[in-house]
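A.B. asks: Have a look at the structure that comes next, please.
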Amino acid sequence: MLIDITEIEKTKKIAANFANLIKCNKTFFAFYLNGNLGAGKTTFVRFCLEALGWQGKVKSPTFGLIEEYQVQSIKLIHTDLYRLNSPDEFDYFGVDLDFQLHGAIFIEWPEKIEKFDCKNEIDFQFENSKLKRVVKITSNNSEISSHINRIDV
């Protein structure tokens, strides 16, 4: 699904929609956030965490590479792989990915690594120009695809 997110409120609504998906499904999700610098990847993650109830700061993990958050029983990981030189470097981060947990990982620049073997994977392709911002959201999981198709912004 391709959605015009030029208005920031639309990004906020989409993020709240996916926060609700995370909250209501006691499983693990992998969000692959593709797009150039300034396309809206970190903004989406910030809005999603806020919708889940996170009240602290949400900063871009560009320099720290990984930020972890705990909201009640939900474990959330936000990583930015822009500076990775090889896929092997991700293994050295020490990220504990337990797909049996209730949570999610948000990966900016996911093309730097191989996708995980997670049944709940969602791909975002953020694109921006001077006049417009759009996001294309897809998933190979039929239940998630159905959820995506019901998004109303």
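A.B. asks: Whole-Hz Karplus ³J(HN,Hα) for the range 101-117, in order, using 6.51 cos²θ - 1.76 cosθ + 1.60 and θ = phi - 60°, x for Gly and Pro?
C.D. replies: Each residue of the range 101-117 in turn: 6, 8, x, 7, 10, 10, 10, 8, 6, x, 5, 7, 9, 7, 5, 7, 9 Hz.
A.B. asks: Roughly how many whole Å is it from the C-alpha centroid of the range 16-52 to that of the range 109-143?
C.D. replies: 11 Å
A.B. asks: Taking a threshold of 27 Å on the Cα-Cα distance, which of the pairs LYS12/LYS119; LYS12/LYS130; LYS26/LYS132; LYS23/LYS115; LYS75/LYS132 fall above it?
C.D. replies: Beyond 27 Å between Cα atoms: LYS26/LYS132; LYS75/LYS132.
A.B. asks: Set Lys and Arg Cβ to +1 and Asp and Glu Cβ to -1, take the dipole of the range 1-109 about its Cα centre, and tell me which of ILE5, THR27, PHE93 lies farthest positive.
C.D. replies: Of the listed residues, the answer is ILE5.
A.B. asks: Let me ask another. May I ask for the longest run of the chain untouched by GluC sites (Glu not before Pro) that are loop-located per DSSP and have at most 13 neighbouring C-beta atoms (other than their own) within 10 Å?
C.D. replies: 8-113
A.B. asks: Right, another one. How high is the relative contact order of the chain, given as a whole-number percent (alpha carbon pairs under 8 Å, six or more residues apart)? Before the final figure, lay out each step's value.
C.D. replies: Details: 269 pairs, mean separation 52.9, N = 153.
In percent, rounded to a whole number, it is 35.
A.B. asks: Express in nm, to one decimal, how much length is gained between LYS130 and GLN72 on full extension, taking 0.36 nm for each residue of separation and deducting their alpha carbon distance.
C.D. replies: 17.0 nm
A.B. asks: Tell me the volume per residue, in Å³, of the convex hull enclosing the alpha carbons of the chain. All intermediate terms of the calculation are to be shown ahead of the outcome.
C.D. replies: Details: hull volume 16.6 nm³, N = 153.
It is 108 Å³ per residue.
A.B. asks: Another one. For HIS102, which sequence-distant residues (separation of 5 or more, or a different chain) have an amide H within less than 5 Å of its own amide H, given hydrogens modelled in the peptide plane?
C.D. replies: Hits under the 5 Å cutoff: LYS75.
A.B. asks: Once the convex hull of the C-alpha atoms of the range 103-153 is built, how many Å³ does it hold per residue, rounded to a whole number?
C.D. replies: Numbers: hull volume 5.5 nm³, N = 51.
Here the figure is 109 Å³ per residue.
A.B. asks: Could you tell me which chymotrypsin sites (Phe, Trp or Tyr not before Pro) in the range 25-105 are loop residues by DSSP with no more than 16 other beta carbons within 10 angstrom of their beta carbon? Write down the numbers at each step before the final one.
C.D. replies: On the way: sites: PHE28, PHE29, PHE31, TYR32, PHE44, PHE47, TRP54, PHE63, TYR69, TYR82, PHE90, TYR92, PHE93, PHE99; in loops: TRP54, PHE63, TYR82, TYR92, PHE93, PHE99.
Filter output for the range 25-105: PHE63, TYR82, TYR92, PHE93, PHE99.
A.B. asks: Under a point spin-label approximation (7 Å from Cα along Cα-to-Cβ), what is the GLN55-ASN20 distance to one decimal in nm?
C.D. replies: 2.4 nm
A.B. asks: Mean-square fluctuation check for the chain, GNM, Cα pairs under 10 Å: which of LYS130, LYS26, LYS119 is largest?
C.D. replies: Comparing LYS130, LYS26, LYS119 in the GNM, the peak value goes to LYS130.
A.B. asks: While we're on this one: Is there a quick way to get the dipole size of the range 79-153? I mean about its Cα centre, with the Cβ of Lys and Arg at +1 and of Asp and Glu at -1; what is the value in debye to the nearest 20?
C.D. replies: Roughly 600 debye for the range 79-153.
We did not get these values from a lab; they are worked out from the coordinates using the rules stated. Predicted, not measured: the structure shown is a model, and the values here were computed from it. Virtual Cβ from ideal backbone geometry, glycine too; neighbours counted across all protein chains shown.
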